[in-house]
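The values are calculated or read from the model by the stated rules, or taken from the named source; none is laboratory data. What you are looking at is a predicted structure, and each value in this text was computed from that prediction instead of being measured. Neighbour counts run over all protein chains shown; Cβ positions are idealised from the backbone, glycine included. All accessible areas refer to the heavy atoms of the entire protein, side chains included, with ligands and DNA or RNA removed. Shrake-Rupley method; radii C 1.70, N 1.55, O 1.52, S 1.80 Å.
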Amino acid sequence: MAKTTPMMQQYLEIKADHPDAILFFRLGDFYEMFLDDAVVASRILDITLTSRNKGADEEIPLCGIPFHSCQPYIAKLVQHGHKVAICEQVEDPKTAKGIVRREVVRVVSPGLVVDSGTIDPRRNNYLLAVAGRESADAACGLGFVDITTGEFRITELDGLDAVAGEILARDPAEVLLPDGSDGAWLHDRLQVSLAGRTVNRVAEWALSDDRTVQLLGEFFPDGSLEAFGCADLPGARLAAGMLLHYLREARQGAVSHLQPPRTYHCRDYMVLDEFTRRNLELTATLHDGKRHGSLLGVLDRTVTAMGARKLRHWITHPLVDLDRIRARHAAVAELVEESLRRDELRERLDGIHDLERLNGRIAMATGNAKDLVALQVSLQRLPAIKVLLAELQSPLLDRLRDAIDPLDDVVALIGQAIVDDPPFVLREGGLIRAGYHAGLDELRQISREGKGWIARLEQEEKARTGIASLKVRFNRVFGYYIEITRSHLDRVPDDYQRKQTLANAERFITPALKEYEEKVLGAEEKLVEIEYDLFQQVRRQVAAEGERIRAVADCLATLDVLLGLADLAHERDYCLPAMDESTELLIVEGRHPVIEAMSLGERFVANDVRLDTAQNQILIITGPNMAGKSTFMRQVALIVLLAQMGSLVPAKKAKIGLVDRIFTRVGASDNLARGQSTFMVEMTEAANILHHATPRSLIVLDEIGRGTSTFDGISIAWAMAEFLHDHADVAARTLFATHYHELTELAETRERVQNYNVAVKEWNDQIVFLRRIVKGGASHSYGIQVARLAGLPKAVIERAKEVLRNLESGEYEAGAPRLARTAGGRKAPAPQLSLFEPPDPLRQRLAEIDVAVLTPLEALNLLDQLKKELNS
Ligand code: ADP
Ligand code: MG
């Protein structure tokens with residue numbers, strides 16, 4: 001750029017420090033955007049794009065917005081995933097020599113929004129960082145903050161599957177990755193879970209333990225790595241460092257309410273990977289990503305924003321600790337019984353403001369007097385809540401009652417200092433209650449007396465001049481004046497001085513009025529100033545109690561969730577599940593919590609299930625399309641999840657041996673969430689199960705193997721089921737729905753495999769789905785090769801090949817299930833020498849072909865293959 005002006009020079013320098021942000025460059029009363037920023041912003045904000053140097057060779061695109069109404073513009077850019085850097089003039093233009101100095105004072109991005117108008121109150125607005133190294137495949141650090149509430153948590157996860165699951169569970173507004181090759185690698189590996197999210201990078205120089213320790217020390221001078229719980233977790237530490245570095249760079253230093261990082265451990269929660277979370281539709285539906293129709297949609301009966309956020313956390317992080325689960329169950333069960341108290345408690349909670357976010361605003365000094373009053377009226381409800389809780393027995397409710405600090409001091413302070421209904425603005429007075437501050441009261445007295453003084457003056461002057469229409473008034477430009485209409489001008493006394501002439505009146509001032517004006521105006525100005533100072537003092541005092549407020553908010557959130565779950569359980573007739581450490585799973589008359597609640601027309605049919613690791617480890621569920629297989633299996637998984645998050649369950653009776661993780665996998669063509677899904681993806685997911693399942697897991701396999709040809713599909717499904725059965729370390733409770741009827745033969749050779757099917761009835765030439773699960777059992781691609789690529793265990797691959805050979809050779813043996821034939825199998829009979837000439841294999845294959853189910857392409861391939869075999 002040849003003819004750059006000094007100002008453009010300055011702009012370009014600042015922009016160079018913020019290449020990934022749209023730079024709002026303060027020029028007088030406007031924020032201007034230039035070049036590409038202007039092009040992008042003008043389109044999103046729908047404002048006019050003009051240019052500097054119009055007509056010259058080097059036009060510079062330009063657009064601008066008035067600085068005093070910038071909020072909605074910033075919000076809109078951020079909602080579109082952009083980062084906005086706000087650059088202000090940092091010296092007075094009048095005294096500046098040369099060009100005014102400018103600096104970026106604040107950066108706003110989706111994870112750094114604090115404006116309550118633009119974020120959903122019922123969910124957290126997380127900024128999440130992933131600290132992973134390509135070289136070290138093991139532990140990966142992860143951390144997140146919500147600057148609106150001050151929550152700050154870090155952890156370490158083994159493997160990127162867990163990271164992807166956690167990203168989906170936290171559903172962050174913005175994700176931070178390291179810059180450089182590690183970040184590129186992470187981005188590539190986490191592609192699916194990052195899709196549609198704003199991703200920003202943290203500079204490589206900032207990614208050191210030294211920098212992290214330094215930042216932690218600056219933000220939390222009283223803390224220590226031991227206290228944060230991350231002394232032995234370098235990955236978790238690094239994630240914390242990335243977050244703090246980003247906050248620092250974004251000039252979000254004023255986050256005094258940010259809690260010290262707390263380390264959490266995923267072993268404290270049931271493991272749910274990304275596919276399982278999506279597939280079970282925990283917080284969003286598969287088909288449109290909406291909350292309505294998800295488990296959260298049905299479960300959420302919370303009445304506060306804090307409760308809503310907590311419930312989302314409970315659903316996405318079910319527990320694995322029996323004591324904690326039982327404590328929640330006991331509380332919910334008691335609240336189900338105590339209808340009256342439940343309703344009363346919910347009424348008291350309803351209308352309590354969002355204490356966590358109020359707390360954040362107060363700490364960040366963006367909270368106004370209305371926020372303080374909102375805090376006060378919310379806290380005033382606490383004593384009644386404590387009284388109600390005292391009438392209940394369960395230990396968790398008792399603990400909550402104990403932990404709810406009514407914060408009397410804060411309530412009293414706000415009550416004494418702030419008026420009941422203060423204005424939004426802070427600099428026009430009217431905030432502080434009379435009696436709170438003697439000096440303020442005195443000034444107010446002066447200004448009040450002034451009003452009487454004016455009225456008196458008006459009366460006196462009317463009497464003196466005999467002009468009945470004489471008025472004493474005030475306006476901001478001219479101050480106090482006496483107004484006389486034109487027709488009475490001849491009666492104006494000599495001591496009146498003319499101040500302003502209007503069309504049909506003249507305005508005057510007198511020395512007495514002038515003197516009064518100075519006194520009163522001074523008082524008004526001082527009043528506003530004192531009020532603002534007092535308000536800030538009060539706000540600081542309240543902010544100092546932030547940790548106590550946060551603790552109360554957390555108790556109320558928990559209480560709200562428990563009450564909501566009780567309300568649902570009461571209305572929908574849920575039962576209290578018996579929980580233990582066994583590997584049993586027994587459900588009597590279980591229902592699908594969401595479909596039951598949403599079902600239109602068709603009555604929901606309840607079903608039983610029994611799973612264990614003795615006889616009923618693997619249930620093969622067959623039945624026609626649309627019979628209800630998928631619904632049944634998901635219902636079992638959801639009931640387990642509900643139980644372990646602390647809820648009662650939609651069943652008549654349930655006994656649940658603790659589940660450490662739930663896996664669900666859906667055959668490729670059923671997998672709606674990943675439209676472009678391939679067989680490779682299906683197999684990758686399957687591989688993940690076989691590598692990570694334990695005897696405590698619950699596995700739901702829905703039409704696995706259907707992404708490839710029939711023979712491949714059956715073979716892989718068969719081999720997987722055998723593997724889950726035969727290997728003690730992965731022998732998990734498994735539900736396996738399939739349309740391959742051949743798989744029912746498994747039950748003949750494997751003792752812990754049971755067949756079930758979904759009953760149907762033929763009636764008047766039509767098929768009627770009975771929706772009842774009953775006992776009993778009702779073609780070439782490169783699938784196995786792909787499965788091997790995806791990392792399926794070698795044993796499974798080998799066995800699949802063997803089974804495929806059996807299938808393709810099409811040999812029958814009287815009395816023996818044909819697929820089960822194995823070189824080293826347990827129950828299969830030893831191979832026998834045939835006494836007869838073997839039948840012609842080609843003939844036999846032809847005889848077996850069912851032309852009715854072949855696609856034209858399959859038919860062609862088959863024909864081609866048969867011809868090759870004939871020629872070989
Ligand atoms: P499949 O997996 O066997 O093809 P689905 O589980 O997808 O069948 O069920 C098909 C439809 O049947 C579902 O959309 C649901 O509305 C209905 N359905 C399934 N199970 C039940 C049930 N137990 N009671 C009532 N309706 C059901
Ligand atoms: Mg299905």
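For the reader, a short list of remarks on this structure follows.
- The condition of being in contact with a Ser or Thr (Cβ under 7 Å, 6 or more places away or on another chain) and of a type in the set (S, T, N, Q) holds for only one of Thr155, Thr149, that being Thr155.
- Qualifying residue in the range 553-562 (condition: farther than 27 Å from Thr302 by Cα and either touching an Asp or Glu at 6+ places or on another chain (Cβ under 8 Å) or more than 16 Å from ligand 2 (Cβ to nearest atom) (or both)): no
- Residue list for the range 689-713, restricted to those being under 30 Å from the mean Cα position of the chain (by Cα), in a loop (DSSP other than H, G, I, E, B) and surrounded by fewer than 20 Cβ atoms within 10 Å (Cβ to Cβ): Thr694, Arg696
- Residue check, Ala566 surrounded by fewer than 21 Cβ atoms within 10 Å (Cβ to Cβ), modelled with pLDDT of 95 or more, away from ligand 1 (no atom under 15 Å from the Cβ) and within 32 Å of the chain's Cα centre (by Cα): no
- Total residues in the range 297-308, condition open to solvent by less than 10 Å² (accessible area, probe 1.4 Å) and assigned to a helix (DSSP H, G or I): 4
Conditions (1) open to solvent by 40 Å² or more (accessible area, probe 1.4 Å); (2) within 17 Å of Ala139 (Cβ to Cβ); (3) not in a helix (DSSP H, G or I), marked per residue:
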residue	(1), (2), (3)
Leu176	no, no, yes
Asp188	yes, no, no
Arg201	yes, no, yes
Asp210	yes, no, no
Leu216	no, no, no
Asp222	yes, no, yes
Glu226	yes, no, no
Leu243	no, no, no
Arg251	yes, no, yes
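- If the condition is being part of a loop (DSSP other than H, G, I, E, B), more than 28 Å from Leu857 (Cβ to Cβ) and open to solvent by 20 Å² or more (accessible area, probe 1.4 Å), then the range 720-765 contributes His727, Arg750, Glu751, Arg752, Asn764, Asp765.
- The set of residues in the range 528-542 being surrounded by fewer than 20 Cβ atoms within 10 Å (Cβ to Cβ) and closer than 23 Å to Ala305 by Cα is empty.
- Filtered by the rule that a residue be of a type in the set (Val, Ile, Thr), open to solvent by 30 Å² or more (accessible area, probe 1.4 Å), out of contact with any Gly (no Cβ under 8 Å at 6 or more places or on another chain) and away from ligand 2 (no atom under 16 Å from the Cβ), the range 576-595 gives a lone residue, Val588.
- Candidates Ala717, Ala686: the one that is away from ligand 1 (no atom under 16 Å from the Cβ), open to solvent by less than 40 Å² (accessible area, probe 1.4 Å), in contact with a strand residue (DSSP E or B) (Cβ under 8 Å, 6 or more places away or on another chain) and modelled with pLDDT under 90 is Ala686.
- So Glu525, is it among the charged types (D, E, K, R), loosely packed, with under 14 Cβ neighbours inside 10 Å and within 28 Å of the chain's Cα centre (by Cα): no
- Test: residue in the range 181-192 that is touching a helix residue (DSSP H, G or I) at 6+ places or on another chain (Cβ under 8 Å) and farther than 23 Å from Ile689 by Cβ: yes
- Evaluation of Arg771 against the conditions (1) at pLDDT below 90; (2) at negative phi shows that the sole unmet condition is (2).
- Considering Asp608, Asp670, the condition of being at pLDDT 95 or above and within 12 Å of ligand 1 (Cβ to nearest atom) is satisfied by Asp608 alone.
- Wholly enclosed helices (runs of 4 or more DSSP H) of the range 379-490 bearing at least 3 residues of a type in the set (D, E, K, R), more than 30 Å from Ile509 (Cα to Cα) and open to solvent by 50 Å² or more (accessible area, probe 1.4 Å): 395-403
- Yes/no for Pro577 being within 34 Å of the chain's Cα centre (by Cα) and not aromatic (Phe, Trp, Tyr): yes
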